[in-house]
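Here's the structure, in structure tokens; my notes come after.
The values are calculated or read from the model by the stated rules, or taken from the named source; none is laboratory data. What you see is a predicted model; the values in this text were computed from it and never measured. Virtual Cβ from ideal backbone geometry, glycine too; neighbours counted across all protein chains shown.
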Amino acid sequence: MESSEQKGQKPRPPPGPLPAHVAIIMDGNGRWAQQKSLPRVLGHREGARSVRRIVTYAREIGIRYLTLYAFSTENWGRPELEVGALMMLLRDYLEDERPTILKNNIKLSTIGATERLPGYVRDPLVELMRDSSDNTGMTLTLALSYSGREEITRATRALAEQVARGELKPESITADMVANRLDTAGMPDPDLLIRTSGELRISNFMLWQLAYTELYITQTLWPDFDESTLNEALRAYQGRTRRFGKTTEQVLPPDASRPAPTR
Ligand code: FPP
């Protein structure tokens, strides 16, 4: 933890360039509850508190895009009681945070099959997306009823339909055309993916978009994730050299502290 935070001062991000787009797999709500002998839904309730905290902080420090994996397609298969509790938490979040989101110039967007959401979630969601659509401070994207494979399948289907209509030749399909048909069209790929609670997997999240994203896995459970844990992830990110398949010498400017490449 940072010394300023230890002294109870306002948390500050590490100095240096911040990722433009941070995506988070918020995991560990169930384990958090289990460790405290509480029902799982109370873990999700604490998780929703972390969401409020992190959205506020990310906006404050100037993250341009924050994408949160809030509910996967596979999560529909959880016990009915848990799915219902998660839907209620989403609705409460959208209703309670509406003034804050609007006041802080945050644009709300979604990825995933949101038509599957119950009306009591979809209605406030659609309304807030509409009312925040001109905001420019930060784009907050909630992945809801989301599956990376389904998203790519939908994009593929859209391209296939264009081919079938004779509007497109298969050989002229490019990676950009695929990207433009994903739910994230127009959004930069994540620079940093954070996964909480220690699991070493992607879990069907942003399979296309994470191609060159830096990964940061923390043991911290999502309900315990706070400003200082995010700062740790940002610090780790700043220590990475992003090469995008090239060599270190190609991507780093000539630097006195490192020997010049010989060829
Ligand atoms: C994973 O923890 C988390 C989820 C499936 C849901 C995430 C939901 C929230 C953080 C709260 C509501 C969201 C918003 C945007 C208000 P898990 O239950 O899989 O944890 P476990 O692996 O420890 O069981």
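Applying the selection to the range 73-86, what residues are more than 7 Å from the ligand (Cβ to nearest atom) and under 13 Å from Asn29 (Cβ atoms)?
Arg78, Glu82, Ala85
Within the set of pairs 6 or more residues apart or between chains, which connect a residue that is closer than 23 Å to Pro39 by Cβ inside the range 208-224 to a residue that is of a type in the set (Asp, Glu) and assigned to a loop (DSSP other than H, G, I, E, B) with Cβ atoms less than 8 Å apart?
Leu221/Asp27; Trp222/Asp27
(1) over 15 Å from the mean Cα position of the chain (by Cα); (2) within 12 Å of the ligand (Cβ to nearest atom); (3) not in a helix (DSSP H, G or I): which one isn't true of Ser37, the others all being true?
(2)
Is it the case, given these coordinates, that Arg242 is at pLDDT below 95 and in contact with a strand residue (DSSP E or B) (Cβ under 7 Å, 6 or more places away or on another chain)? Talk me through it step by step, then tell me what you get.
Numbers: at pLDDT below 95: yes; in contact with a strand residue (DSSP E or B) (Cβ under 7 Å, 6 or more places away or on another chain): yes.
Considered against the rule, which asks whether it is at pLDDT below 95 and in contact with a strand residue (DSSP E or B) (Cβ under 7 Å, 6 or more places away or on another chain), Arg242 comes out as yes.
Please enumerate the residues belonging to the range 113-140 that are farther than 23 Å from Thr56 by Cβ and assigned to a loop (DSSP other than H, G, I, E, B).
If the condition is that a residue be farther than 23 Å from Thr56 by Cβ and assigned to a loop (DSSP other than H, G, I, E, B), then Ala113, Leu117, Pro118 are the ones that fit.
Find all pairs meeting these conditions: Cβ atoms under 8 angstrom apart; at least six residues apart or on different chains; first residue within the range 84-96 and within 15 Å of Leu140 (Cα to Cα); second residue more than 9 Å from the ligand (Cβ to nearest atom) and assigned to a helix (DSSP H, G or I).
Leu90/Val121; Leu90/Leu125; Leu94/Val121; Leu94/Pro124; Leu94/Leu125; Leu94/Leu128
For the list (1) within 12 Å of the ligand (Cβ to nearest atom); (2) small (Gly, Ala, Ser); (3) within 22 Å of Ser145 (Cβ to Cβ); (4) out of contact with any Phe, Trp or Tyr (no Cβ under 9 Å at 6 or more places or on another chain), I need the number of the one condition that Gly119 fails.
Of the numbered conditions (1) within 12 Å of the ligand (Cβ to nearest atom); (2) small (Gly, Ala, Ser); (3) within 22 Å of Ser145 (Cβ to Cβ); (4) out of contact with any Phe, Trp or Tyr (no Cβ under 9 Å at 6 or more places or on another chain), the odd one out for Gly119 is (1).
Restricting to the range 176-203, name every residue that is within 26 Å of Gly30 (Cβ to Cβ), surrounded by fewer than 17 Cβ atoms within 10 Å (Cβ to Cβ) and touching a strand residue (DSSP E or B) at 6+ places or on another chain (Cβ under 7 Å).
Taking the range 176-203 as the starting set, the residues that turn out to be within 26 Å of Gly30 (Cβ to Cβ) are 190, 192-203.
When the remaining residues are screened for being surrounded by fewer than 17 Cβ atoms within 10 Å (Cβ to Cβ), the result is 198-203.
Residues satisfying the conditions are Gly198, Leu200, Ser203.
May I ask you to list the residues in the range 215-245 that are within 14 Å of the ligand (Cβ to nearest atom), in a helix (DSSP H, G or I) and out of contact with any Ser or Thr (no Cβ under 7 Å at 6 or more places or on another chain)?
Asp224
From the set of residues in the range 28-85 that are surrounded by fewer than 21 Cβ atoms within 10 Å (Cβ to Cβ), of a type in the set (Val, Ile, Thr) and touching an Asp or Glu at 6+ places or on another chain (Cβ under 8 Å), which is farthest from Glu151 (Cα to Cα)?
Here the answer is Val41.
If you scan the range 92-148, which residues turn out to be over 21 Å from Met187 (Cα atoms) and among the basic types (Lys, Arg)?
Arg98, Lys103, Arg116, Arg122, listed by residue number.
Identify, from the list Ala164, Ala160, the residue that is surrounded by fewer than 13 Cβ atoms within 10 Å (Cβ to Cβ), away from the ligand (no atom under 16 Å from the Cβ) and either farther than 28 Å from Thr218 by Cα or among the small types (Gly, Ala, Ser) (or both). Explain how you work it out, then say what you get.
On the way: Ala160 fails: surrounded by fewer than 13 Cβ atoms within 10 Å (Cβ to Cβ).
Just a single option satisfies the conditions, and that option is Ala164.
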